[in-house]
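Working notes, beginning with the structure itself.
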């Protein structure tokens, strides 16, 4: 069930219609849980079993961990949770990739092996809810969280429909306490929540799907060396499309949760205003990068027991490689992770070596590092969006080789594309150190109504079919 | 982004309600302007509407059913009412999709159904490349129809209800088209609503209101769109061509092996578009290669049959709806002359 669909509008009317009329908090939570299961079943009913499995496994494992007095016993239950969750994730998400890789390796060794086709649909949101439940067992194992006393509360944490299929990845520590007492719902929260939902919907329907997707699809469907300007436009268009698609979804999720009285973490913080590549990753898909920081990077560092540069670099490299593979089961994503890792490692190394020089304090460097971070991200997305490595390489070489395919964007494409690109960059630089909410609240009422009206009209009149969110595939 | 930590209260609900009222007023005005200009509600064709038809085709196991695959050309050229009166009692499934190659849909019918009727495929040489791309139906077939369920059906019904009652939901009146119209015709509103989608997925083009100059502009636009697609790499490379041809061949073999028939047709085009098609995919090199290589029941190129080559495509690409019934009769007469029996028990 897409947020940008008619059936979701119907679903939301039913949820909000009943939610506010149920007085008892326990029943209200049960209602939300039931509706969250229905929300997921609207995609694929059989795959609901996977969520139920994950919920049951982690609820059980966390309780056993808490009861265990010996560390070894706790570790066994942690391993059970990790193997269970990551096993299911690996089977559905990486099975095909592993099989293909095995066939390729076998072919190199002279063994011809033709397996049965791996026609298994990827369960929507599996990477998100798996990581969410893992954060719970890992926190209980580390003693940072007490296991939830209520199975239905825990199930609601795993399944909460606004962020179930594409995040933000919510930590149990942040969400479960909100279920202990009835949430406070105010008119202000509902109004701001609906406004965020509308803003997210605008980003998704108008900017990502309506303007950028047709241009990006055309450029990335082309073969051979293209004109440099066309490739550049396609790359810029895809960064804006991906940002508006994913941050639009996150904004809608946060807005919906707020309407129901819950607070979800931010997932983006004006990433295109980042000064440097590490700063970029502190602002892009924050709930994922902080997940890996806390549950992968930090333990690796801790394991090393020294703060040497080599240890930092190894931990960073490994973390970004896994982040790449989290995004998709292909060598392109693995290379994308390696690309990011190499950039981060170089940046950290340079910071350690020459970061203390006074010369960097000049304001001009801030802009240079900002542009540098964006350009690096721009080239990294060639690996992210291209069909395979050869395709990414063709697109990259288009900047240096004579054009083979004279694909050029039309005037309409340019007229539609340039204003949102400029607007996104301007907005990000404005929001670098300021709160979006503060700016929105300071806007005069008449201007606010005009902007909201313009967004509503654009959403209704952009005339694109309902497109899935890019991050649903992860 | 949270509502916490900010003491200043803003009346968002009032702002949203005011915006909703303003939006409703503007949309009502736009609807009235469009209706006054002669526009009518149009069915918005989408993945859901395709899936409704595909679901029915998937259940069908009779040998006298007919499926039509291709893009806008076949949906405009073949009159469904003419087919129904020509073959009474037989089911017809219009499974074409605007701007999309039929390759993935043919593979889907071969692999995921037991369809054993006759499949008429409108195929252009530039669509033989079967790799997933924006010009393919993979997304519809694999990503959408594979998860076709009650929720998508409700969504499809809701979409149908809205589009058949409100003119402004027609993509031809979208903001993108307003901009295109302004740039190309100097006026944002096009009062010439020439492309109508019927509830049964019949596509109708009405070129009567257009001057010769308008039609010449449309022909140039058709050519530009084609060049852009061909420029975007649709299948000219030998490896892509061979791979696509092989996939098509496998799908056709599978269908014919269970008693089905597959007819490949090349529908009429004209003017600058036809010249561009011939330039990029010369018939002797590409169409003739398909005829030699594919195990289809019959092939039909419009240029080879005098009863088909006389039809005009005013925008270069599509037949006018007034010609569709005559063309359908001529096309199916020609296919039957090639030995294809549509009334098999």
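The values are calculated or read from the model by the stated rules, or taken from the named source; none is laboratory data. For clarity, every value in this text was computed on a predicted model and none was experimentally measured. As a convention, Cβ positions derive from the backbone with ideal geometry for all residues, glycine included, and neighbour counts pool all protein chains shown.
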Exercise. Determine if the range B:144-151 includes at least one residue that is within 13 Å of chain A (Cβ to nearest Cβ) and either modelled with pLDDT under 80 or not in a helix (DSSP H, G or I) (or both).
Key: yes
Practice problem: Report, by residue number, each residue of the range B:163-184 that is more than 7 Å from chain A (Cβ to nearest Cβ) and free of Cβ contacts under 8 Å to residues at least 12 places away in the same chain. | Solution: B:178, B:181, B:182
Quiz prompt | In the range A:19-46, the residues that are more than 10 Å from every other protein chain (Cβ to nearest Cβ), part of a loop (DSSP other than H, G, I, E, B) and in contact (Cβ under 8 Å) with a residue 24 or more places away in the chain | solution = A:20
Practice problem: Look at the range B:220-252 and say how many of its residues are at pLDDT below 90 and not in a loop (DSSP other than H, G, I, E, B). | Solution: 19
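Which of the residues belonging to the range B:108-120 are in a helix (DSSP H, G or I) and surrounded by fewer than 22 Cβ atoms within 10 Å (Cβ to Cβ)?
B:111, B:112 - these are the residues of the range B:108-120 that are in a helix (DSSP H, G or I) and surrounded by fewer than 22 Cβ atoms within 10 Å (Cβ to Cβ).
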Quiz prompt | Residue identified as part of a helix (DSSP H, G or I), within 10 Å of chain B (Cβ to nearest Cβ) and touching a residue at least 24 places away in the same chain (Cβ under 8 Å) among A:382, A:416 | solution = A:416
Quiz item: Just one of A:426, A:440, A:445 is closer than 25 Å to residue A:273 by Cα and loosely packed, with under 15 Cβ neighbours inside 10 Å; which is it?
Solution: A:426
Quiz item: Among the candidates A:69, A:81, A:54, A:75, which residue alone is farther than 30 Å from residue B:162 by Cβ and not in a helix (DSSP H, G or I)?
Solution: A:69
Quiz item: Before we move on, is residue B:255 at pLDDT 95 or above, within 27 Å of residue B:315 (Cβ to Cβ) and more than 14 Å from chain A (Cβ to nearest Cβ)?
Solution: no
Self-check item: Entirely in the range A:196-300, the helices (runs of 4 or more DSSP H) that have 1 or more residues that are under 19 Å from residue A:419 (Cβ atoms) and out of contact with any strand residue (DSSP E or B) (no Cβ under 8 Å at 6 or more places or on another chain)
Solution: A:213-220, A:228-259
Quiz item: How about the range A:395-413: which of its residues are touching a residue at least 12 places away in the same chain (Cβ under 8 Å), facing another protein chain (nearest Cβ under 10 Å) and more than 14 Å from residue A:232 (Cβ to Cβ)?
Solution: A:404, A:405, A:406
Practice problem: Filter the range A:425-442 down to residues that are in contact with a helix residue (DSSP H, G or I) (Cβ under 8 Å, 6 or more places away or on another chain) and facing chain B (nearest Cβ under 8 Å) and give me whichever is farthest from residue B:16 (Cα to Cα). | Solution: A:437
Quiz prompt | residue B:93, sole failed condition from (1) more than 19 Å from residue B:338 (Cβ to Cβ); (2) in a strand (DSSP E or B); (3) out of contact with any helix residue (DSSP H, G or I) (no Cβ under 6 Å at 6 or more places or on another chain) | solution = (3)
Quiz item: Taking the stated definitions as given, is residue A:167 modelled with pLDDT under 90, surrounded by 20 or more Cβ atoms within 10 Å (Cβ to Cβ) and facing chain B (nearest Cβ under 8 Å)?
Solution: no
Quiz item: Here are some residues: A:373, A:329, A:334, A:341. Which one is assigned to a loop (DSSP other than H, G, I, E, B) and under 20 Å from residue A:289 (Cα atoms)?
Solution: A:329
Exercise. Return a yes/no flag: does the range A:182-195 have any residue that is surrounded by fewer than 21 Cβ atoms within 10 Å (Cβ to Cβ), in contact (Cβ under 8 Å) with a residue 24 or more places away in the chain, more than 14 Å from every other protein chain (Cβ to nearest Cβ) and more than 20 Å from the chain's Cα centre (by Cα).
Key: yes
Quiz item: Here are some residues: A:11, A:53, A:3, A:16. Which one is out of contact with any strand residue (DSSP E or B) (no Cβ under 7 Å at 6 or more places or on another chain) and more than 14 Å from chain B (Cβ to nearest Cβ)?
Solution: A:53
Quiz item: Looking at the range A:362-374, is at least one residue closer than 24 Å to residue A:317 by Cα and either in contact with a strand residue (DSSP E or B) (Cβ under 7 Å, 6 or more places away or on another chain) or loosely packed, with under 15 Cβ neighbours inside 10 Å (or both)?
Solution: yes
Exercise. Could you check, for the range A:145-152, whether at least one of its residues is buried (at least 21 other Cβ atoms within 10 Å of the Cβ) and either in the same structural domain as residue A:64 (by TED's automatic domain parsing) or not in a helix (DSSP H, G or I) (or both)?
Key: yes
Practice problem: Please tell me if residue A:204 is away from every other protein chain (no Cβ under 13 Å), in contact (Cβ under 8 Å) with a residue 12 or more places away in the chain and surrounded by fewer than 19 Cβ atoms within 10 Å (Cβ to Cβ). | Solution: no
Quiz item: Is there a residue in the range A:221-238 that is surrounded by 24 or more Cβ atoms within 10 Å (Cβ to Cβ), within 14 Å of chain B (Cβ to nearest Cβ) and either modelled with pLDDT under 90 or at positive phi (or both)?
Solution: yes
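Residue by residue, here is whether (1) within 22 Å of the chain's Cα centre (by Cα); (2) over 21 Å from residue B:198 (Cβ atoms); (3) assigned to a loop (DSSP other than H, G, I, E, B) holds:
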residue	(1), (2), (3)
B:274	yes, yes, no
B:283	no, yes, yes
B:292	no, yes, no
B:307	no, yes, no
B:314	yes, no, yes
B:318	yes, no, yes
B:325	yes, no, no
B:333	no, yes, no
B:345	no, yes, yes
Exercise. Out of the residues in the range B:13-41 that are touching a helix residue (DSSP H, G or I) at 6+ places or on another chain (Cβ under 7 Å) and touching a residue at least 24 places away in the same chain (Cβ under 8 Å), state the one that is surrounded by the fewest Cβ atoms within 10 Å (Cβ to Cβ).
Key: B:40
Self-check item: Out of A:297, A:277, sole residue that is at pLDDT 90 or above, over 18 Å from residue A:128 (Cβ atoms) and either over 17 Å from the mean Cα position of the chain (by Cα) or in the same structural domain as residue A:105 (by TED's automatic domain parsing) (or both)
Solution: A:277
Practice problem: Scan the range B:227-278 for residues that are without any contact (Cβ under 8 Å) to a residue 40 or more places away in the chain and closer than 23 Å to residue B:57 by Cα and jot them down. | Solution: B:257
Quiz prompt | Cβ pairs under 7 Å, 6+ apart, first in the range A:304-325 and assigned by TED's automatic domain parsing to the domain that holds residue A:340, second at pLDDT below 80 | solution = A:311/A:304
